[in-house]
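Here the structure is laid out as structure tokens; the discussion comes afterwards.
The values are calculated or read from the model by the stated rules, or taken from the named source; none is laboratory data. Predicted model only: the values in this text are computed from it and were never measured. Cβ atoms come from the backbone with ideal geometry, glycine included; neighbour counts cover every protein chain shown.
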Amino acid sequence: MDKYQYIKSQLAKTNKKNDENYVVTRIWNKIDNLNVKFVTQQYIRREHGYALTDMYFPQLGLHIEINEAHHQKQQKEDKIRESDIVSVTNHEIIVIDVTKGIQHIHQQIDRIVLSIHEKIQQMGSTFIPWDIEKEMSPNTYIQKGYIQVNDNVAFRTTADACNCFGHQYKGFQQAGTKHPYREDVTLWFPKLYPNDGWDNSISTDELIIREKSMNPLEVKKHMEQHIFGPIHKRIVFASVKDNLGKKMYRFKGEFQLDVEQSWTENCLVWKRIADRVQTYMPKPKGL
């Protein structure tokens, strides 16, 4: 994926929301700087549930929220939501009101664009230009020392994901492998939808994964294998397709098997215990 493809995929997520599409597209075009990365519909975990912000600039820690007419009836809820997001992320939120006509919308957008340019200038050498190749390289996260959900990390291959944790794979085709440094953890690359005999799913807030065989004769055997096995933690990279149909593996966090809930639901229930995990240098061969 190059920047042009990435930008198109982000804008495409707003296609069915006219106000959001207009504002996001105008902000991006007026910024006119390919060193700046933006994300639409950025997932934010809250204490009770989650939120999606309309536009997010990760290099600047800035979120844009676009308030349409229906927000006038939920101002209290919006304030609580914004407070939750700031509390969790320590980021700034700017709200655009699209109910007062196009001139007012343009004035708000112009102020935001000016603020973004000023922030970049103030950051000086601490502003790291957007490099999509580095963003998809395991070395970037090895050097960083961690990988986290809010960074929207997705790799082209499972080998790239594995190599963030000490492996040195050139190619890798399996659905999972051992963690080179943590004996109680596996790396898992599931399709989180019904596929190839599996009925896997992830909850809307992405905190729970359910894993179940579609073969009734295999369900109990599969459950017992993992429940009575030694490893109850998984670092998950879900198999997904981008807006252009290309397969990628997106980081979803570290999950732990809930044994009691698994027996109750008659499937393996994995609950997220961390949205940030440590990365590792390549493990020397023979160790």
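Summary table
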{"quantity": "Criterion (over 20 Å from the mean Cα position of the chain (by Cα) and among the hydrophobic types (A, V, I, L, M, F, W, C)) met by exactly one of L192, L207, L217", "calculated": "L217"}
{"quantity": "In the stretch 160-201, the residues that are out of contact with any Ser or Thr (no Cβ under 7 Å at 6 or more places or on another chain), aliphatic (A, V, I, L, M) and modelled with pLDDT of 95 or more", "calculated": "A161, V185"}
{"quantity": "Count - residues of the stretch 228-261 that are assigned to a helix (DSSP H, G or I) and exposed (fewer than 15 other Cβ atoms within 10 Å of the Cβ)", "calculated": "1"}
{"quantity": "Restricting the stretch 1-11 to residues that are under 17 Å from the mean Cα position of the chain (by Cα) and either polar (S, T, N, Q) or farther than 15 Å from K37 by Cβ (or both), the residue that is surrounded by the most Cβ atoms within 10 Å (Cβ to Cβ)", "calculated": "Q10"}
{"quantity": "Residue in the stretch 184-196 that is part of a loop (DSSP other than H, G, I, E, B), without any contact (Cβ under 8 Å) to a residue 40 or more places away in the chain and at positive phi present", "calculated": "yes"}
{"quantity": "Which listed residue is modelled with pLDDT under 95 and outside the structural domain of G166 (by TED's automatic domain parsing), from K283, K212, K246, K241", "calculated": "K283"}
{"quantity": "Pick from the stretch 121-134, criterion closer than 22 Å to K246 by Cα and in contact (Cβ under 8 Å) with a residue 12 or more places away in the chain, ranking: surrounded by the most Cβ atoms within 10 Å (Cβ to Cβ)", "calculated": "W130"}
